[in-house]
Amino acid sequence: MQSEQDRPYKILIVDDGKDFREALSDFLTLFGYQVQEASDGRKALELLRKDRNVDLVLLDVHMPGLSGMEVLAKIKQTTPQLSVILLTGDSAQDIAASVPKGYTQDCIEKTMDPDKISRLIEKVLNKSEDALTAAINLN
């Protein structure tokens with residue numbers, strides 16, 4: 001999958017579960033995405049400060065240190081246009097209800113079917129491209 005800038009979409013996976021993070025990274029790489037990984041919130045924020053070309057963050061809600069919700073708030077302070085999908089081992093509906101409107105594109109359970117995850121990611125990235133194109137065309 002390529003962005004309008006003619007480069008593969010870049011996705012940052014933030015999850016303290018190494019096995020889950022690596023499996024999701026391997027899966028997304030098969031679809032042509034460029035994937036970065038962070039094992040905690042601090043590392044994720046550091047990566048985002050260094051690399052402004054991240055198109056989407058897949059963010060675990062429950063992590064030691066900075067929680068996913070704390071990381072989400074910091075992301076939205078510095079890069080409000082960055083797309084974020086929350087990952088949870090709990091009920092996605094319960095988590096989604098606690099997130100301020102407009103902060104995330106979705107909240108999904110880690111047990112979700114991989115094909116559904118890939119379709120959701122594609123949908124979110126395509127919406128981001130559409131919004132970017134509309135903003136450029138307004139100028």
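Listed values, structure above:
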{"item": "Region 11-75: C-alpha gyration tensor shape, a/c 1.5 cut-off, then a/b vs b/c", "result": "oblate"}
{"item": "Cross-link partners of LYS43 among lysines (Cα-Cα below 23 Å; sequence separation of 8 or more within a chain)", "result": "LYS10, LYS18, LYS74, LYS76, LYS110"}
{"item": "In Hz, Karplus ³J(HN,Hα) per residue of region 11-26 (6.51, -1.76, 1.60; θ = phi - 60°; x = Gly, Pro)", "result": "10, 9, 9, 10, 7, 7, x, 4, 4, 5, 4, 5, 5, 5, 4, 4"}
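Bear in mind these aren't lab numbers, they're just calculated from the coordinates by the rules spelled out. This structure is a prediction, so every number in the text was calculated from the model and none was measured.
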